[in-house]
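Novice: The following block contains the structure, expressed as structure tokens.
The values are calculated or read from the model by the stated rules, or taken from the named source; none is laboratory data. The structure presented is a predicted model; accordingly, all values stated were derived computationally and were not measured. Note: ideal-geometry Cβ built from the backbone for every residue, glycine included; neighbour counts use all protein chains shown. Please note that ligands, DNA and RNA were not included when accessible areas were found on the heavy atoms of the full protein model with its side chains. Shrake-Rupley method; radii C 1.70, N 1.55, O 1.52, S 1.80 Å.
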Amino acid sequence: MEKFVVKGGRRLSGEVTISGAKNAAVAILPAVILSDEPCIVENVPSISDVNISLRILKEMGAEVTMLGKDAYRIDPTRIDKYCVPYETARKMRASYYFLGALLGKFNKARVSMPGGCPLGDRPIDQHLKAFSVLGADYTLSQGMIDLTADRLHGNQIFFDVVSVGATMNAMLAAVKAEGLTIIENAAKEPHIVDLANFLNSMGANIMGAGTDVIKIRGVERLHGTNYAVIPDQIEAGTFMIAAAATKGDVLIKNVIPKHLESITKKLEKIGVNIEQFDDSIRVWVDGPLVKTSVKTTPHPGFPTDMQPQIATLLTLAEGTSIVTEGVWEQRFRYVDELRRMGADISVDGKVAVIEGTGRLMGAPVKACDLRAGAALIIAGLAASGITEIEDIFHIERGYDCMEGKLRSLGADIEKVNFPDSTSDSGNDGKKEAV
């Protein structure tokens, strides 16, 4: 197994370049299935969720060629399967995007229930509702989802709750459906817009992405394209908070500042200095950090994927802060780990009360999910002493060479191997990303 060892107390400074957005890439890669020609996708992050998506495409018959560090040519023309391999798909939550893509391509699909981070109940009822409205029948059996349709036809879809995954899946299924599809109460995240732009670059007709009403007029075929994934707003936000937690001075490059507005506003309230440029943002701290209140909501509100990181920063601020989680009911699972590092946090349901102590101490901790892992790295960077973080496979699901980027900013962090006491003697001790 592997873990991160972080020696805290170093001020981050310098420049860092943000990779492509995880949440966009894991939908865009399955979307290639809908094309009748090869596609080139650039600015693809090197993370385990992307590697799993590419593996699925290969196992289904696609020809995948790496053109560079972050670019792939994907030829889907030989895909003749509509069943995603079970053992591969169950390792990540975003495997459900293959449902919409395969249904849109073949009018049938078979995919395992999603895996990913254990953040509580992740129902797919809104996904299935959208597929049903478009004309598909579904069955759930032994952890598998089966979809079949004689043909897909445009219709009006109203989501009972705002769901990023369901919005994307509805888009994937509707782009080749007959007639007009109207999606109401749609999610508005930047990766929704990016998926729409990718599909439109292949010849789809999607309007309104980024608003709560998306209109899709079905087309008969989609052609190849060359497309670059947007920068990752959550990775950028994570580095913004890492800079602030270490009272550093960091220029974060390859970002879209508008996507970071909710994060920027909160950090400025806490006392962080931020200067925006066309495609970069500078973050530095030259004074005390102060308390604030944070509530996570769907875009354009403060993102749930940044909640553990900003909560960690608030343990270093003066005063009492309140963080309210409005999306995932188990997002506070990381709090016990921060308490091991000296944080004073109490949780009641979806509300955390943080008494800023101004200091953290290094300790052995475990990442319980992707963003919790990022928060523990930030805590380790700001803490006195050494922090050892286990279960880093969670972190590698969504961050492209995080330790390397942090080292380039002056952090003392390394990845080391250590024995897995739970492994069989014949096992090499390595965990596969989920």
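Novice: Compute the length gained on full extension between TYR86 and GLN330: take 0.36 nm times their separation in residues and subtract their Cα-Cα distance, giving the result in nm to one decimal.
Specialist: That works out to 85.2 nm of additional length.
Novice: Sticking with this one: What order do you get for 175-185, 306-316 when each peptide is scored by the mean count of other beta carbon atoms within 10 Å, highest first?
Specialist: Going by the mean number of other Cβ atoms within 10 Å, highest first, we get 306-316, 175-185.
Novice: Gap in Å between the Cα centre of the stretch 35-66 and the Cα centre of the stretch 341-371?
Specialist: 37 Å
Novice: Per residue, what accessible area does the stretch 284-434 have, given a 1.4 Å probe and all protein chains present, in Å²?
Specialist: 41 Å²
Novice: Can you list residues whose amide H is under 5 Å from GLU178's amide H, if they're 5+ apart or on another chain and H is modeled 1.01 Å from N?
Specialist: For GLU178, whose amide H was placed from the backbone, the distant partners under 5 Å are LEU152, HIS153, GLY154.
Novice: With each run of n ≥ 4 DSSP H residues scored as -39500 (n - 2.57), what mean residue ellipticity at 222 nm is computed for the chain after dividing by its residue count and rounding to the nearest 500 deg cm²/dmol?
Specialist: Computed ellipticity for the chain at 222 nm equals -8500 deg cm²/dmol.
Novice: Can you tell me how much longer the chain between SER408 and LEU67 gets when fully stretched, taken as 0.36 nm per residue apart minus their C-alpha distance, in nm with one decimal?
Specialist: 120.2 nm
Novice: Still on this model: I'd like the per residue volume of the convex hull spanned by the Cα atoms of the stretch 178-229, given in cubic angstrom.
Specialist: Each residue corresponds to 53 Å³ of Cα convex hull volume.
Novice: Run the accessible area of the chain with a 1.4 Å probe and give the carbon-and-sulfur part as a rounded percent.
Specialist: Percent of accessible area from carbon and sulfur atoms in the chain: 46.
Novice: Can you tell me the orientation of helix 370-382 relative to the chain, as the angle in degrees between its alpha-carbon axis and the longest Cα principal axis, to the nearest 10?
Specialist: For 370-382 against the chain, the angle is about 20 degrees.
Novice: Additional query: If N is the number of residues in the stretch 1-115, what value comes out of its Cα radius of gyration divided by 2.2 N^0.38 Å?
Specialist: Cα-based Rg divided by the globular estimate yields 1.23.
Novice: Write down the radius of gyration of the stretch 183-283 and its Dmax, each obtained from C-alpha positions, in Å.
Specialist: Over the stretch 183-283's Cα set, Rg and Dmax evaluate to 17.0, 54 Å.
Novice: Select from ASP336, ASP249, ASP194 the residue whose mean-square fluctuation is largest in a Gaussian network model of the chain (Cα-Cα springs shorter than 10 Å).
Specialist: Top of the fluctuation ranking is ASP336.
Novice: Here is a follow-up. Counting alpha carbon pairs within less than 8 Å and at least 6 residues apart, what relative contact order, in whole percent, applies to the chain?
Specialist: That works out to 21 percent.
Novice: Angle between the Cα long axis of helix 97-106 and the longest principal axis of the chain, 0 to 90 degrees, nearest 10?
Specialist: 10 degrees
Novice: Beyond a 20 Å Cα-Cα separation, which of these cross-linked pairs lie in this structure: LYS265/LYS295; LYS22/LYS188; LYS269/LYS291; LYS176/LYS215; LYS258/LYS350?
Specialist: LYS258/LYS350, as the Cα separations exceed 20 Å there.
Novice: Can you check how the C-alpha radius of gyration of the chain compares to 2.2 N^0.38 Å, as a plain ratio?
Specialist: 0.97
Novice: Right, another one. What nm value, rounded to one decimal, do you get for the distance between MET361 and LYS415 when each label is placed 7 Å out toward the C-beta?
Specialist: A separation of 3.1 nm, rounded to one decimal place.
Novice: Determine, for each peptide in 47-54, 373-380, the mean count of other beta carbons within 10 angstrom over its residues, then list the peptides with the highest first.
Specialist: 373-380, 47-54
Novice: For the stretch 28-94, what is the Kirkwood estimate of the hydrodynamic radius, computed as the reciprocal of the mean inverse distance between distinct Cα atoms, to one decimal in Å?
Specialist: Averaging 1/r across every pair of different Cα atoms and inverting gives 12.0 Å.
Novice: Given an 8 Å cut-off on Cα distances and at least 6 residues of separation, report the relative contact order of the stretch 291-419 as a percent.
Specialist: Relative contact order, the stretch 291-419: 21 percent.
Novice: Go through the stretch 240-332 and name the chymotrypsin sites (Phe, Trp or Tyr not before Pro) that are in a DSSP coil and have 12 or fewer other Cβ atoms within 10 Å of their Cβ.
Specialist: Sites meeting the loop and neighbour criteria: PHE277.
Novice: Could you bin all the Cα-Cα distances of the stretch 313-395 into 5 Å bins starting at 0 and give me the percent of pairs in each, rounded to whole numbers?
Specialist: 3, 16, 26, 27, 18, 8, 1
Novice: Here is a follow-up. Please report the antiparallel percentage of DSSP beta bridges with both residues in the chain, rounded to the nearest 5.
Specialist: Percentage antiparallel, nearest 5: 70.
Novice: Here's another thing I want to ask about it. Using +1 on the beta carbon of Lys and Arg, -1 on that of Asp and Glu, and nothing else charged, what's the dipole of the chain about the Cα centre, debye to 20?
Specialist: Value, rounded to 20: 180 debye.
Novice: Say R0 is 41 Å: what FRET efficiency, to the nearest 0.05, do ASP212 and ASP286 get from their beta-carbon distance?
Specialist: It comes out at approximately 0.55.
Novice: Give a quick list of GluC sites (Glu not before Pro) in the stretch 324-411 that DSSP marks as loop, anything other than H, G, I, E or B, with at most 13 other Cβ atoms within 10 Å.
Specialist: GLU329
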